[in-house]
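Below is one structure, written out as structure tokens, with a few remarks after it.
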Amino acid sequence: MNLLVDLFGYLSILLHALTVTAQSVMLGALLFLLLLARPLAPQLLPGESILRGAARIVRIAALALLLCEGLMIALQTAVLSSTVELPVSNVLQADFALAGMAKMAAALAIAVLVGRRVPDALLLLLGLAELAAATLTTHAQARLDHRLPLLLVEGLHQLGAAIWIGGLPCFLLALSQVRDGVGWRLVGRRYSLMSMAGVACIVLSGLAMSVAYIGSWQGFYGTAYGVMVGAKVAMFLLLLGLGAGNYRLVERLRADPRTPVNRLRRFAEAEFAIGLCIFFAAASLTSAPPAVDLVQDRVSLHEIAQRNMPVWPRLASPEHDALALSRLQKQLDDEAARRAQQPAPAYVPGSGVAPPSSAADIAWSEYNHHWAGVFVLAIGLLALLNGLGWRAARHWPLLFLGLAVFLFIRSDPEAWPLGPIGFFASLRDVEIFQHRVFVLLIVVFGLFEWRVRAGGLAPTRAAWVFPLLTIAGGALLLTHTHTIANVKDQLLIELTHTPLALLGILGGVARWLELRLEPPGSRIVGLVWPISFVLIGLILLNYREA
Ligand code: HEM
């Protein structure tokens, strides 16, 4: 169990992201049902089926929240009771467990009651109870000063996220069921107003929390917490751009109900995808100490500039034997041989003890990132040329398979196939686990996209795999952790990975819109994603760890 604590720590961030997503969709769908679907039902042809569909989304999200929160409590209880040897009954009386159980009770009640003849006020009260319990597991609960106002601000923030992002699945459902311009205008107008209220909640509370938890510009760029809020702000601005595009289209619909609404739906799909990525960033954010609490070990602008100064990429690799772990293992092997004993392992994945590192390890990792940069740069350029009409370049997705093999062999030299640690044992190390997941993602979307482009697969839903997995890869990269003891070095690496994650999300969303929009919109976004891959390649080529 102790060897799984690191992995559990990482899995709890992913689970928290899913919990926040389920909560936002449940509350968002509930508000959509009560503030849009029900009041507008008499004026909408498929009014009843939109009502039933929205209630179904509330129920599914409530049950998903119940499941995620239950798993979260189980995971945290297992880790706590095994690491601090406390009886489970004691751990279940902790604040996080009580708040979690309150969320589960409210979610269960909502799942049972939604769609039945119950007063709206009761459903709203249950939603409010769930939201209140959710704020009790945020940083605000741990603050000594201004706890109540911060709890209210956290609640406002999560409410804003639910109204705007959480309501999108219902909005998409309504748009897909309505068949006339008048109906689209009604739904679009009401949802635009609700989204604006959501945006206002998010911005006001986001700024208040940034002042309370970050407190200075240096806290913003010099701490992991600040950088993650920065990533959220970047995605928020992208969302605002899409939201503004939809607002303008709804205004056109008001003037002319014959206005085509395909873009409204496709932008809403893209908004939801980016919103999901923000939930992953938020989950990663809440697992980091607020910037105001990290006054030491902050990174300065000078250190950031120095680390990102362009240098010629490292295209030659150090020997595997020169790596710190290989040398330590050799020492231990020689010693054990002298004593005719079984050699001790130099590193045990999941033990919580970071593996040794040296200049050779840094060179090895830089070499990996630089060659990965060469691969991704080539992919971006060939995809661009293919998009501009060079047919022979259509096989560019095959380069992803080359990249996957390269990363599988070289990402983790301490583990199989290059190192002594077995494949399955190595998965206890969070960083190795994440690298293996990334390799798998790259193989799947590389193969699918190649089959789509080379003509083996019709460009139908199969073509969705590449953009969706690219977005997922970007979201996972936002939660990527490094087992590096030095906080500063860890942040300097994160400062490189965060733009890679954001460009991955942008590229995936742009490819999705290329598939779903009509020209000329599809042609414009069709240039955005290859360019984002070119930029990812260039950032990787300048990646440094020292
Ligand atoms: C659509 C945009 C956004 C969404 C959907 C969103 C969503 C969320 C969610 C769900 C959380 C709570 C996570 C948790 O405690 O479980 C959160 C936390 C946070 N958000 Fe946002 N957010 C958005 C934009 C922003 C913006 C623009 C800012 C800054 C100006 C911001 C600042 C923060 C901060 C500081 C926290 C952490 C609170 C803490 O440490 O407990 N967010 N966000």
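The values are calculated or read from the model by the stated rules, or taken from the named source; none is laboratory data. Fair warning: this is a prediction, and the values are worked out from it, not measured in the lab. Every residue, glycine among them, receives a Cβ derived from its backbone with ideal geometry; neighbour counts consider all protein chains shown. We work out accessible area using only protein heavy atoms, side chains counted, and drop any ligands, DNA or RNA first. Shrake-Rupley method; radii C 1.70, N 1.55, O 1.52, S 1.80 Å.
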Rounded to the nearest 500, the 222 nm mean residue ellipticity computed for the chain from DSSP H runs (n ≥ 4, each -39500 (n - 2.57)) alone is -24000 deg cm²/dmol
Determine the relative contact order of the chain: mean sequence separation of Cα pairs under 8 Å and six or more apart, normalised by residue count, in whole percent.
-> 16
Using DSSP to define loop residues, name the trypsin sites (Lys or Arg not before Pro) in the stretch 306-345 whose beta-carbon has at most 16 other beta-carbon atoms within 10 Å.
-> R339
Candidates per GluC sites (Glu not before Pro) in the stretch 234-336, loop by DSSP, up to 14 other Cβ within 10 Å = E319
Rounded to whole Å, √(5λ) for the Cα gyration tensor eigenvalues of the chain, largest first, gives 41, 31, 21
Given a 1.4 Å probe and every protein chain left where it sits, what share in percent of the accessible area of the chain is carbon and sulfur?
-> 68
Taking the alpha-carbon centre of each part, the distance from the stretch 143-210 to the stretch 366-406 in Å is 39
Round to a whole angstrom and tell me the spacing of the C-alpha centers of the stretch 300-324 and the stretch 264-297.
-> 28
For Q141 and R339 in the same chain, what is the full-extension length gain: residue separation times 0.36 nm, less their Cα-Cα distance, in nm?
-> 65.8 nm
Once both labels are modelled 7 Å past Cα along the beta-carbon direction, what's the L124-T83 spacing in nm?
-> 4.2
Once the piece of chain linking F423 and L63 is laid out straight, how much longer is it, given 0.36 nm per residue of separation minus the C-alpha distance between them?
-> 126.1 nm
Subtracting the Cα-Cα distance of F406 and D95 from 0.36 nm times their residue separation yields 107.4 nm
Given a 1.4 Å probe, the accessible area of the chain per residue, as a whole number of Å², is 45
Sticking with the crude label model, points 7 Å out along Cα→Cβ, report the distance from L328 to L148 in nm, one decimal please.
-> 5.1
Heavy-atom accessible area ranking, 1.4 Å probe, most first, across H370, H395, H16 = H395, H16, H370
Qualifying chymotrypsin sites (Phe, Trp or Tyr not before Pro) for the stretch 338-416 [loop in DSSP, other Cβ within 10 Å: at most 16] | W390
Equivalent ellipsoid semi-axes - Cα gyration tensor, the stretch 2-293, angstrom = 35, 23, 15
Can you tell me the relative contact order of the stretch 402-442? Whole percent, Cα pairs under 8 Å, sequence separation 6 or more.
-> 39
Sites L301 and L108 - FRET efficiency at Förster radius 60 Å, r taken between beta-carbons, to 0.05 = 0.75
Inter-part distance where the stretch 218-252 and the stretch 1-49 are each reduced to a Cα centre, Å | 20
With label points built 7 Å along Cα→Cβ from the Cα atoms of L204 and W416, find their separation and express it in nm.
-> 5.7
